[in-house]
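The values are calculated or read from the model by the stated rules, or taken from the named source; none is laboratory data. Just so it is clear, the structure is predicted and the values come from calculations on it, not from any experiment. Note that we place each Cβ from the backbone using ideal geometry, even for glycine, and neighbour counts take in every protein chain shown.
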Amino acid sequence: MAQQPQQLAETVFQAYKTQQPIPFLNPKENVDEVLGYQTQDALIEQLKAHNNTDVAGYKVSMTSAETQAYANTHEPAYGTLLKTVIQQSGATVKLDNLFAPLIEPELVFVITEDLPSNPSIEDVLNHSQLAPAIEVPDARYQDWFPNFTLGDLLADNTATGLVVVGEPVAQLDYDKLGAVTMSLKHNGTEVKTGIASEVLGNPVKAVQWLSQKLASHDKSLKKGNVISSGTFIPPIKAEQGTYTVDYQHVGQVTVTFE
């Protein structure tokens, strides 16, 4: 008998509470995209109640062909960001409080007016600010990356760990945004560089995709939502020390792991 979203969510939720990673749900539970998002919704309700928090926004994952190939899919996926996962630049994070975290340099869109379900490029640019960010993906599964299925990923809220956000700035124009370069340093030594066009050609497209996908789930992007729009590089393992990302025209964000 296949488990229902509520039962699957309870399994993942227990991993959160006990800090003990669990085996993948698939193939045993046969979690597909539909059941994966249903399980995510049920998990979010449990986490909201447990942590006395609310939804802050969303993150867009698998915005490159390489990361989509991990999950054998041809489109991105989204996770739900609770207020408890948003950290300010300069935060110190204890690795012991996470499972198997990764580092992804991303730009965050801060929505300044409600967006329609099928927003134009101008809708996104005119109704958002931009902020430098580091997403810290983390999943509740044993040996999760890059061994997950799409259903597993969605059921665990698309491997949401933390999102570290710097100071918002005025939005850029479309071409300038797509050309933003970044430099990722670990303890002052540059380890990776990247460009915003790695995110679906332009991070604006990630927000457009997200708005359309949310609409298919009877959700929408609201004023004040924070959108982590997709990584500039394939994720790297988070280690002790300080990570700094400098984004051209946008600014800097830092986080320290101990």
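Kindly provide the set of residues from the range 149-181 that are out of contact with any His (no Cβ under 8 Å at 6 or more places or on another chain), crowded, with 22+ Cβ neighbours inside 10 Å and among the hydrophobic types (A, V, I, L, M, F, W, C), ordered by number.
153, 154, 155, 159, 162, 163, 164, 165, 177 - these are the residues of the range 149-181 that are out of contact with any His (no Cβ under 8 Å at 6 or more places or on another chain), crowded, with 22+ Cβ neighbours inside 10 Å and among the hydrophobic types (A, V, I, L, M, F, W, C).
Determine whether the range 200-213 contains at least one residue that is touching a helix residue (DSSP H, G or I) at 6+ places or on another chain (Cβ under 7 Å), closer than 30 Å to residue 9 by Cβ and hydrophobic (A, V, I, L, M, F, W, C).
Checked the range 200-213: at least one residue is touching a helix residue (DSSP H, G or I) at 6+ places or on another chain (Cβ under 7 Å), closer than 30 Å to residue 9 by Cβ and hydrophobic (A, V, I, L, M, F, W, C).
Somewhere in the range 100-122, is a residue more than 20 Å from residue 186 (Cα to Cα), in contact with a Ser or Thr (Cβ under 9 Å, 6 or more places away or on another chain) and acidic (Asp, Glu)?
Step one: filter the range 100-122 for residues more than 20 Å from residue 186 (Cα to Cα), giving 108-122.
Filter once more, so that each one left must be in contact with a Ser or Thr (Cβ under 9 Å, 6 or more places away or on another chain): 108-119.
If we keep only those that are acidic (Asp, Glu) as well, we get 113-114.
Scanning the range 100-122 turns up at least one residue that is more than 20 Å from residue 186 (Cα to Cα), in contact with a Ser or Thr (Cβ under 9 Å, 6 or more places away or on another chain) and acidic (Asp, Glu).
Six or more apart or on different chains, Cβ under 8 Å: which pairs go from a residue in the range 24-50 that's at positive phi to one that's assigned to a loop (DSSP other than H, G, I, E, B) and surrounded by fewer than 21 Cβ atoms within 10 Å (Cβ to Cβ)? Could you list them?
Taking only residues 6 or more apart or on different chains, the pairs are 30/2.
Scan the range 142-176 for residues that are in a helix (DSSP H, G or I) and on the phi > 0 side of the Ramachandran plot and jot them down.
157, 158, 159
Residues that are at pLDDT 95 or above and of a type in the set (Gly, Ala, Ser), at least 1 per element: which strands (runs of 3 or more DSSP E) completely within the range 32-140 meet that? Outline the logic, then answer.
Values: elements: 55-61, 77-82, 86-88, 91-93, 102-111, 128-136.
Fully inside the range 32-140 and qualifying: 55-61, 77-82, 91-93, 128-136.
Of the conditions (1) without any contact (Cβ under 8 Å) to a residue 60 or more places away in the chain; (2) in contact with a helix residue (DSSP H, G or I) (Cβ under 8 Å, 6 or more places away or on another chain), residue 60 clears all except one; give me its number.
In the conditions (1) without any contact (Cβ under 8 Å) to a residue 60 or more places away in the chain; (2) in contact with a helix residue (DSSP H, G or I) (Cβ under 8 Å, 6 or more places away or on another chain), residue 60 misses (1) alone.
Just a yes or no: is a residue in the range 115-138 under 25 Å from residue 20 (Cα atoms), surrounded by 17 or more Cβ atoms within 10 Å (Cβ to Cβ), touching an Asp or Glu at 6+ places or on another chain (Cβ under 8 Å) and hydrophobic (A, V, I, L, M, F, W, C)? Walk me through it before giving the result.
Going residue by residue through the range 115-138, those that are under 25 Å from residue 20 (Cα atoms) are 134-138.
This time we only want the ones that are surrounded by 17 or more Cβ atoms within 10 Å (Cβ to Cβ), so: 134-138.
Applying the additional criterion that residues be touching an Asp or Glu at 6+ places or on another chain (Cβ under 8 Å) yields 134-137.
Then keep just the ones that are hydrophobic (A, V, I, L, M, F, W, C); that gives 134, 136.
Yes, because at least one residue in the range 115-138 is under 25 Å from residue 20 (Cα atoms), surrounded by 17 or more Cβ atoms within 10 Å (Cβ to Cβ), touching an Asp or Glu at 6+ places or on another chain (Cβ under 8 Å) and hydrophobic (A, V, I, L, M, F, W, C).
Under the condition of being among the β-branched types (Val, Ile, Thr) and under 20 Å from residue 207 (Cβ atoms), which residue from the range 45-74 is nearest to the chain's Cα centre (by Cα)?
Taking the candidates together, the pick is 60.
Just checking, does the range 205-224 include any residue being buried (at least 16 other Cβ atoms within 10 Å of the Cβ), β-branched (Val, Ile, Thr), in contact (Cβ under 8 Å) with a residue 12 or more places away in the chain and within 16 Å of residue 180 (Cα to Cα)?
Looking through the range 205-224, none of the residues is buried (at least 16 other Cβ atoms within 10 Å of the Cβ), β-branched (Val, Ile, Thr), in contact (Cβ under 8 Å) with a residue 12 or more places away in the chain and within 16 Å of residue 180 (Cα to Cα).
What single numbered condition from (1) part of a helix (DSSP H, G or I); (2) in contact with an Asp or Glu (Cβ under 7 Å, 6 or more places away or on another chain); (3) more than 29 Å from residue 105 (Cβ to Cβ) fails to hold for residue 12?
(3)
Got a sec? Which of 253, 191 is more than 16 Å from residue 107 (Cα to Cα) and at pLDDT 95 or above? Let's see the steps before the verdict.
Working: 253 fails: more than 16 Å from residue 107 (Cα to Cα).
Matching residue, one of 253, 191: 191.
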